[in-house]
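The structure under discussion appears below in the form of structure tokens.
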Amino acid sequence: MDAGHNSILDQLGIRNGEYKGGAYTEYAVSLVLEDYNKMINVTRVLYPEVAEHFGTTPSCVERDMRMVVQKAWERNPDLLCEWAGYPLKRKPPVTRFIAILAEYCERNGIEV
């Protein structure tokens, strides 16, 4: 992401560096944009790949990304619903959150 532009998470109220899960989430979205098949089995494919990149465990990746989803939901649920393209009745799970962000980026030509 260019330094002059807000990241997708920043738009949702998650400031750069505020949570470890923010970096994990953005990296996961970039991986999904390269290959949507990574969404087929997130826990066996995507989380381990993110964990390896950051030198942590898949369970830490999932936990820290859950925190990001929680904060985004608390801070800007309306924007998240807009990006999803449909009303969300509750906070989405991490996998759906990643898919929403990836789909939003793809529709709008945004690089993560």
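Could you tell me how many of the residues in region 75-105 are hydrophobic (A, V, I, L, M, F, W, C) and without any contact (Cβ under 8 Å) to a residue 24 or more places away in the chain?
Counting residues in region 75-105 that are hydrophobic (A, V, I, L, M, F, W, C) and without any contact (Cβ under 8 Å) to a residue 24 or more places away in the chain gives 5.
Out of the residues in region 38-63 that are of a type in the set (Ser, Thr, Tyr) and surrounded by fewer than 17 Cβ atoms within 10 Å (Cβ to Cβ), which is farthest from THR95 (Cα to Cα)? Steps first, please.
Of the residues in region 38-63, the ones of a type in the set (Ser, Thr, Tyr) are 43, 47, 56-57, 59.
Subset that is surrounded by fewer than 17 Cβ atoms within 10 Å (Cβ to Cβ): 43, 56-57, 59.
Values: THR43: 9, THR56: 19, THR57: 17, SER59: 14 Å.
The qualifying residue farthest from THR95 (Cα to Cα) is THR56.
Here's a check for you: in region 13-32, which residue that is assigned to a loop (DSSP other than H, G, I, E, B) and either crowded, with 20+ Cβ neighbours inside 10 Å or of a type in the set (Gly, Ala, Ser) (or both) is modelled with the lowest pLDDT?
Here the answer is GLY17.
Looking at ASP10, is it over 13 Å from ALA102 (Cβ atoms) and within 12 Å of the chain's Cα centre (by Cα)?
yes
Can you find a residue that is in contact with a Phe, Trp or Tyr (Cβ under 8 Å, 6 or more places away or on another chain), over 18 Å from GLU111 (Cβ atoms) and acidic (Asp, Glu) anywhere in region 16-39?
Looking through region 16-39, none of the residues is in contact with a Phe, Trp or Tyr (Cβ under 8 Å, 6 or more places away or on another chain), over 18 Å from GLU111 (Cβ atoms) and acidic (Asp, Glu).
For ALA72, all conditions in the list (1) closer than 18 Å to GLY17 by Cβ; (2) among the hydrophobic types (A, V, I, L, M, F, W, C); (3) free of Cβ contacts under 8 Å to residues at least 40 places away in the same chain hold save one; what is the number of the exception?
Unmet for ALA72, out of (1) closer than 18 Å to GLY17 by Cβ; (2) among the hydrophobic types (A, V, I, L, M, F, W, C); (3) free of Cβ contacts under 8 Å to residues at least 40 places away in the same chain: (3).
For region 33-110, which helices (runs of 4 or more DSSP H) that fit wholly inside it have 1 or more residues that are of a type in the set (Phe, Trp, Tyr) and under 16 Å from ASP10 (Cα atoms)?
Helices (runs of 4 or more DSSP H) meeting the threshold: 58-75, 77-84, 94-108.
The values are calculated or read from the model by the stated rules, or taken from the named source; none is laboratory data. Bear in mind the structure is a predicted one, so any value in this text is a computation, not a measurement. Cβ coordinates were reconstructed from backbone atoms using ideal geometry, including for glycine residues, and neighbour counts include every protein chain displayed.
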